[in-house]
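Notes for the one structure printed next.
Here, each number is a calculation from the coordinates, and none is a lab measurement. Model, not experiment: these values are computed from the prediction. Please note: Cβ atoms are built from the backbone with ideal geometry, for glycine as well, and neighbour counts cover all protein chains shown.
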């Protein structure tokens, strides 16, 4: 029995391996890990920037933070990307572009290099526009397209071809042709790399604006809405004026939505009715904000706004602001179309406390103005101003030089006010083009202001010019102010004098330190002000923008002392991040001819918003 017990297992192993289907399964090989992407490089691109090429690709790039896992390499995605990039170059006018991918693998990681040979670019050799049914437009349109995106000799792009058609449509729609139609073709010769472009234009009938219908308003008077419109019955049809009407209505801050649209009419009708549809905003709104500046440090603001107060489009705004340099509580009231006229009543009052290097002051002020728009985006005003001011903390050395200033004295100033403003900027938070002009005047004669008499005038002009590429803007400002004493006043008190230096004026110099100073170096302010600023703003990456600037100016003791040769100069550069409410920036500025070489050194400026 013992021998049989060992014999049976032996026979089992000898017999069953010979039976079909009873083979031992092979050992499994360990699974191979997919390769990961270590780096992607682009070489040879000269026309299209790398940022534009990255946006065309689906192959993921390695993370900037190396501790994150690298993306997996998929050859099929890389092959698709090569075709995508070739298509991007074709859209830019390069039809002979060759892209060769090079993949180097080491220890399960690949480095991808895309070698690009752009080849020659297709250029516009012939550009012809024919107008059907309106021969009087032939010469005008021919001249217009020569300055368009596809002028002769320029590179051909599909985007430029489509843009040219849109510009022709926009050009004629702004000149009374609302039913214009444009068709075109581009014939490409890939042997000599040229393009012949042919455009056909059907202007349609010339038209005027017909009846204008306003709907959707509840508390806002229709007359106020119509006053803001740039479209008027009987005028030539203009798409630009319809868009301008929408912008003007939005600027009133009374409406949540605005649509100015033409009505559908038969093809032969030349009077185009217009519908203005508005949706009013909430009656009340509250805005809270906080920030930090290198000069005023922590700052906070709260604004409560009432719209259509009692109807009539009236608005009331009450706000408070706090910072180390300026604390105030103020309110403003706007009553448009006063008593049915074209005049707007504007009342602004408040209490404030300001801190300067050589003094501080507390004041109550009130201004009552009558405004009227005399042309598009141009207003004039006249009115009255009242101010109670008490300067305190004035240094003894300053009082020796400013003998008409008494520390702790309550001054009363009554003024007649006048002014003119013009604003044509396209975007107040981030201007790309347009300008602003301010002419402000104050007259305080002895008849109404027995304590202080003066005539103050301030002229300021700003200009913003886009230099071609998106967000590349040259911005400039010039400002001149004077406040000579008249009648019984020999010298302007310190709280009414001009001060300059710091953000918003001369960034390379200490806050308010420009101009005359006492023996201890404390600023005294002046009766004349001269400023000039020049900035170049340009995009960097994403929403980051760069800026370089030059500032010039000074404050002068009296108007007769004004001397351009005594101006101070500063220069610097900075980095700004664009937000919906304006840029947040950090700037470095250096004085070029400092007041005091030991104290006037590099200034670091952190602020919200553009300097001007």
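A P(r) calculated from all alpha carbon pairs of the range 36-117, with 10 Å bins opening at zero, reads 17, 52, 25, 5, 0 percent. When DSSP assigns beta bridges and you keep just the ones with both residues in the range 208-280, what percent turn out antiparallel, to the nearest 5? Here the share of antiparallel DSSP bridges comes out near 55 percent. How many angstrom lie between the C-alpha centres of the range 363-415 and the range 156-195? Computed from Cα coordinates, the inter-centre distance equals 57 Å.
In what order do 490, 253 fall by count of nearby beta-carbon atoms within 10 Å, going from fewest to most? Mind dumping the intermediate values first?
Numbers: 490 9, 253 13.
By the 10 Å Cβ count, ascending, the order reads 490, 253.
Taking every Cα-Cα distance in the range 356-532 and sorting them into 10 Å bins starting at zero, the pair-distance distribution P(r) comes out as 9, 29, 33, 20, 7, 1 percent.
In terms of other Cβ atoms within 10 Å, 381, 464, 306 run from fewest to most in the order 306, 381, 464.
What 222 nm value per residue comes from the helices of the chain, counting each DSSP H run with n ≥ 4 as -39,500 (n - 2.57) and dividing by all residues, nearest 500 deg cm²/dmol? Kindly include the intermediate steps, with their values, before the conclusion.
Values: 8 runs with 89 residues, N = 612.
It comes out at -4500 deg cm²/dmol, rounded to the nearest 500.
Compute the helix-to-body angle for 75-91: its Cα long axis versus the longest principal axis of the chain, expressed 0 to 90° and rounded to tens. With both axes taken from Cα atoms, the answer is about 50 degrees.
Given a cut-off of under 8 Å on Cα pairs at least six residues apart, what relative contact order in percent is computed for the range 123-202? Taking the mean separation of contacting Cα pairs over the length of the range 123-202, I get 41 percent. Against the 2.2 N^0.38 Å scaling, with N counting residues, where does the range 310-446 land? I'd like the Cα-based Rg ratio to two decimal places. Cα Rg divided by the expected 2.2 N^0.38 Å: 1.28. Computed on the range 36-117, with alpha-carbon pairs under 8 angstrom and 6+ residues apart, the relative contact order is 43 percent. Beta bridges from DSSP with both residues in the range 123-202: antiparallel share about 55 percent, rounded to the nearest 5. Normalised by the residues of the chain, what does the relative contact order come to in percent, with Cα pairs under 8 Å and at least six apart? Dividing the mean separation by the residue count of the chain yields 6 percent. Ordered from longest to shortest, the equivalent ellipsoid semi-axes for the range 434-487 are 38, 8, 5 Å, each the square root of 5 times a Cα gyration tensor eigenvalue.
Output the 0 to 90 degree angle, nearest 10, between the alpha-carbon long axis of helix 239-251 and the longest principal axis computed from the alpha carbons of the chain. The answer is roughly 70 degrees. The largest-to-smallest principal axis extents of the Cα set in the range 66-176 are 72, 30, 21 Å.
Histogrammed with a bin width of 5 Å, the alpha carbon distances of the range 117-236 distribute as 2, 10, 18, 16, 12, 10, 9, 8, 6, 4, 3, 2, 1, 0 percent, first bin at zero.
Mind sorting 358, 323, 294 by how few other Cβ atoms lie within 10 Å of their own Cβ, fewest first?
Working: 358 23, 323 19, 294 15.
Ranking 358, 323, 294 by Cβ neighbours within 10 Å, fewest first, gives 294, 323, 358.
Relative to its residue count, the chain spans a Cα convex hull of 347 Å³ per residue. Packing order of peptides 527-540, 37-50, highest average first: 527-540, 37-50 (average count of other Cβ atoms within 10 Å over each peptide's residues).
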